[in-house]
Amino acid sequence: MQESSGVPDVFDPRIYAAGIPHDRFRALRDRAPVARQAEPEILGWPAGPGFWAVTRHADVVRVLKDSATYSSALGATQIRDPDPADLPFIRRMMLNQDPPDHGGLRRLVSRAFTPGRIERFAVTARERARGLLADAVAAADGGEVDLVRAVTDDYALLNLTDLLGVPASDRGLLHAWTERVIAYQDPDEPPVLDGEGRPVNPRSPAMLAEMFGYAQELAAYKRAHPADDVMTSLATSELADAELEMFFFLLTVAGNDTVRSAAPGGLLALAEHPDEQRRLWNGSVSTDTAVDELLRVHPSVLSFRRTAAHDTELAGQAIRAGDKVVVFHASANHDERVFPDPHRLDLGRTPNPHVSFGDGPHVCLGAHFARLQLRVLYEEVRAACGGLTPAAPPRRLVSNFINGVKSLPVRLREPSAPPA
């Protein structure tokens, strides 16, 4: 708790190592839906000025849709303030832009994500899921296996390298770059320190130089050797070099970690809810509705930041120009005002207006691709085993941004054995 105000703390990244803090979010939704949060120094990162935490579904959607009031560009989209000197660089990324600049770039890049191209990857994704699961089942010790290490990390990363057109031999680079950006709050990923011993923002120009150099080399190769992949489309488009670099960064990190976080989270929810697992295994519910319900209970992204462009009011709370406003997707997805019995997993839930892919102009560009991968994976898990149960508690990422699962030990039943 934040002792000065009695308001539950939902900023400290360490809280999320135990899972989504549903009790804290419910208290905020009920008593202070737009609540002031402190930003103390934590894990070596400097203190900040504080922010408004937005936790009700309606208010989260309102903020995400109203880019004129709640800007992505003024202070970018991470809770921590970037170095002012880095802001022009950070604003090159579509994620950190407002309309109309954002819309023009989004339309240009969306041409690379054609439905036909994405659907063609379904066959490859299915073959990959089947192969990874077969190896996991064969290697399982007494039926026990860590699905993150054995399946989901490689599944997400290799699907992304296929879509982008990155050689499989370079997937280790993409993994390392993603870890550096996503896991920077986690003690297992020690931060890079500057000359004065302060942690360096993983999104700063210096930390992204290696990735950007690779993006330019890959783009040059694609221009000389075009193929049916996203990097060929980007390399031969109207994008400037700086824009191409930022898109490569966005696709590498967001494109990988959306599925990398959602997949084990969904499998964990299935393992913990045998009745719902049984409904999926026996075909009583659609895989498509199951995918959305699993995304609702385990969103990949916990929060996103906006900055108030002018004085305004949200849920009765006055907000001043320049204030940080942070929406919490994980809370909105469990808002009792929108989702009946929100803590009950219901794989047939419909309608299901979760905000796991955001809303408004910044709704996830790769949402269709992510849903496809998750649907294929769950179908192949169902085919590979008779069910799964937890073998040990999962290990979660220490982060107030990404809802990551670092290990997921489960026991797999024989394919002939129905879920208990």
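Tally time: how many residues in segment 108-146 are open to solvent by less than 40 Å² (accessible area, probe 1.4 Å), farther than 20 Å from CYS385 by Cα and in a loop (DSSP other than H, G, I, E, B)? Residues meeting the conditions: 2.
Residues are listed down the side, and each one gets a yes or a no for (1) of a type in the set (Lys, Arg); (2) in a loop (DSSP other than H, G, I, E, B); (3) closer than 22 Å to GLU245 by Cβ:
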{"position": "TYR155", "(1), (2), (3)": "no, no, no"}
{"position": "LEU158", "(1), (2), (3)": "no, no, no"}
{"position": "THR161", "(1), (2), (3)": "no, no, yes"}
{"position": "VAL166", "(1), (2), (3)": "no, yes, yes"}
{"position": "LEU173", "(1), (2), (3)": "no, no, yes"}
{"position": "ALA176", "(1), (2), (3)": "no, no, yes"}
{"position": "GLU179", "(1), (2), (3)": "no, no, yes"}
{"position": "TYR184", "(1), (2), (3)": "no, yes, yes"}
{"position": "ASP188", "(1), (2), (3)": "no, yes, no"}
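The single condition from (1) modelled with pLDDT of 85 or more; (2) buried (at least 22 other Cβ atoms within 10 Å of the Cβ) that ILE182 fails is (1). Count of segment 374-415 residues, restricted to those that are more than 23 Å from THR258 (Cα to Cα), open to solvent by 20 Å² or more (accessible area, probe 1.4 Å) and outside any helix (DSSP H, G or I), is 8. Scoring ASP323 on the criteria (1) under 25 Å from PRO33 (Cβ atoms); (2) surrounded by fewer than 17 Cβ atoms within 10 Å (Cβ to Cβ); (3) over 22 Å from the mean Cα position of the chain (by Cα) leaves a single failure, condition (2).
Would you point out which residue out of LEU28, LEU87, LEU105 is farther than 30 Å from PHE212 by Cα, more than 19 Å from the chain's Cα centre (by Cα) and open to solvent by less than 40 Å² (accessible area, probe 1.4 Å)? Matching residue, one of LEU28, LEU87, LEU105: LEU28. Within segment 207-231, residues that are in a helix (DSSP H, G or I) have Cβ atoms under 7 Å from residues that are modelled with pLDDT of 95 or more in these pairs: MET231/LEU218; MET231/ALA219; MET231/LYS222, counting only partners at least 6 apart in sequence or on another chain.
If you check ARG149 against the conditions, is it of a type in the set (Lys, Arg), in a helix (DSSP H, G or I) and touching a residue at least 40 places away in the same chain (Cβ under 8 Å)? Taking the combined requirement at face value, the residue satisfies it.
Every residue, every condition in (1) modelled with pLDDT under 90; (2) farther than 26 Å from ARG91 by Cα; (3) open to solvent by 20 Å² or more (accessible area, probe 1.4 Å), yes or no:
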| site | (1), (2), (3) |
| --- | --- |
| ASP188 | yes, yes, yes |
| ASP194 | yes, no, yes |
| GLY197 | yes, yes, yes |
| ASN201 | yes, no, yes |
| MET207 | yes, no, yes |
| ALA215 | no, no, no |
| ALA220 | no, no, yes |
| PRO226 | no, yes, yes |
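Taking the numbered list (1) at pLDDT below 95; (2) open to solvent by 10 Å² or more (accessible area, probe 1.4 Å) in turn, MET246 passes all entries but (2). Quick one: would you say PHE369 is open to solvent by 10 Å² or more (accessible area, probe 1.4 Å), modelled with pLDDT under 95 and not in a loop (DSSP other than H, G, I, E, B)? For PHE369, the condition - open to solvent by 10 Å² or more (accessible area, probe 1.4 Å), modelled with pLDDT under 95 and not in a loop (DSSP other than H, G, I, E, B) - is met. Among the residues of segment 400-417, is there at least one that is out of contact with any helix residue (DSSP H, G or I) (no Cβ under 7 Å at 6 or more places or on another chain), hydroxyl-bearing (Ser, Thr, Tyr) and over 30 Å from ARG306 (Cβ atoms)? Yes, segment 400-417 has at least one match.
A Cβ distance below 6 Å, combined with a sequence gap of six or more or placement on separate chains, defines the contacts here; from segment 105-132, residues that are within 19 Å of SER237 (Cα to Cα) reach residues that are small (Gly, Ala, Ser) and part of a helix (DSSP H, G or I) in the pairs ALA112/SER233.
The set of residues from segment 326-366 being over 26 Å from PRO115 (Cβ atoms), free of Cβ contacts under 8 Å to residues at least 40 places away in the same chain and open to solvent by 20 Å² or more (accessible area, probe 1.4 Å) comprises PRO340, ASP341, ARG344.
Under 25 Å from GLN78 (Cβ atoms) and free of Cβ contacts under 8 Å to residues at least 24 places away in the same chain: is that true of ASP275 in this structure? Here the answer is no, as ASP275 does not meet what is asked.
The values are calculated or read from the model by the stated rules, or taken from the named source; none is laboratory data. Predicted model, so just to flag it, every value in this text is computed and none were measured. For neighbour counting, all protein chains shown are included, and Cβ atoms are generated from backbone atoms with ideal geometry for every residue, glycine included. Surface areas here come from the heavy atoms of the whole protein model, side chains and all, with no ligands, DNA or RNA. Shrake-Rupley method; radii C 1.70, N 1.55, O 1.52, S 1.80 Å.
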